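Report on the structure given below.
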Amino acid sequence: MDLKRLRTFVVVAEQGTVSGAAKTLRITQPALSRQLQDLQAEFGVRLFDHVRRRLRLTAEGAELVPTCRNLLSQADHVLEHARSLAHGDSGELNVGAPPHLIASVFPGFLRQFAAKYPRVRVKTVEAGSVDQLELMRRGELHAAVGFLEAKQTEFVAYPLPPVRLLVAYNPTGGFSFTQRVEVSDLAVVPLLLLVQGFGTRKSFDAACRLERMVPSVFIESAVPETLLALARESHGVAIVPSTAQIDRQSLRVSPLIFRGSQLTVDIALLWSGTRRLPSYAEAFSAMLAADMRAGDGGGRSIRRQKKNGRRLNH
């Protein structure tokens, strides 16, 4: 069985069009169509129906997609294993993380990791915690920063420092809080929240339910910087994770408290429970945890001073 044909089948199933799949796979559309025809002949079943310039999976095709994904994932594992045996400390590592964590933590951390493991190529993928788990199950990620759940057995978890929820607002915009802001204090305040799928949003929503409180949401965004920009202009109060980069010269930042305790999210670097872990997996996990502990000062601040034309991040 030709794995190239299987990969083409899976990509077409995800894209829904020959043109989109051909662009992703970097092959011509006629070549892609021939691969699909050959695979259908080999399987002896029709895989797609043409519906208004799109390809829709048949019932048989939809049933075969998960099996093909698993087979391709296993083939990738064999290749990774062989390369690991040959070099020990080389290979490719696809890691998923929320965008704000990639922006604030990964630039410096990846530089340190590359200095120690120059033959490991790390590719980062932006996604919320919930979405990352699905990418892990599909074999598209080797590791992901996600929730640390007590009963989790599907993945190998390496605990990371907890992420704290912070309240950021413009004190000149009519908002006034004490140094510690309780969830109940935000009952009638316009809120700037991360979209569903992020661990911090899940934690905040759970606290609101326990308080029997319906938050007044002004806007939702997948990017903390968007929420902070709106907060600077006094459009509302932003709820952001402590890993976000915050301009403290224009915003006041307070911990978000729930019934007397700091509201946090337990996170971990999750590795596939079915893949063989590379030899550098433990070092990657330990170095990431150390970097996050060193940089966690209640929200990474942004200084407006410039040196050599560059903004300095902390």
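The values are calculated or read from the model by the stated rules, or taken from the named source; none is laboratory data. Only a predicted model underlies this, so the values are computations on that prediction, with no experimental measurement involved. Ideal geometry is used to build each Cβ from the backbone, glycine not excepted, and the neighbour counts take in all protein chains shown. Note: areas computed on protein heavy atoms with side chains; ligands, DNA, RNA excluded. Shrake-Rupley method; radii C 1.70, N 1.55, O 1.52, S 1.80 Å.
Numbers below:
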item	result
At 0.692 mPa s and 37 °C, Stokes diffusion of segment 15-81 via Kirkwood alpha-carbon radius, µm² per second	250
Span-rule helices in the chain, defined as complete DSSP H runs reaching 27 Å or more along the axis (Cα) with Kyte mean at least -1.0	59-87
Loop trypsin sites (Lys or Arg not before Pro), segment 114-175, which have at most 13 other Cβ atoms in a 10 Å radius of their Cβ (DSSP)	119, 151
Sulfur and carbon atoms: percent of accessible area, the chain [1.4 Å]	50
Helical contribution to [θ] at 222 nm, DSSP H n ≥ 4, -39,500 (n - 2.57), averaged over the chain, rounded to 500	-12500 deg cm²/dmol
Accessible area in the full protein assembly, largest first, 1.4 Å probe, for 188, 265	188, 265
Solvent-accessible area per residue for segment 118-178 (1.4 angstrom probe, square angstrom)	52
Mean accessible surface per residue for segment 215-294, computed with a 1.4 Å probe while every protein chain stays in place, in Å²	41
Charge dipole (the chain, unit charges on Cβ, about Cα centre) - positive-most of 215, 227, 145	227
By accessible area with a 1.4 Å probe, ligands and nucleic acids excluded, highest first: order of 226, 153, 67, 17	153, 67, 226, 17
In Hz, Karplus ³J(HN,Hα) per residue of segment 186-191 (6.51, -1.76, 1.60; θ = phi - 60°; x = Gly, Pro)	9, 4, 10, 9, x, 10
Long-range amide H partners of residue 92 with built H, under 5 Å	121
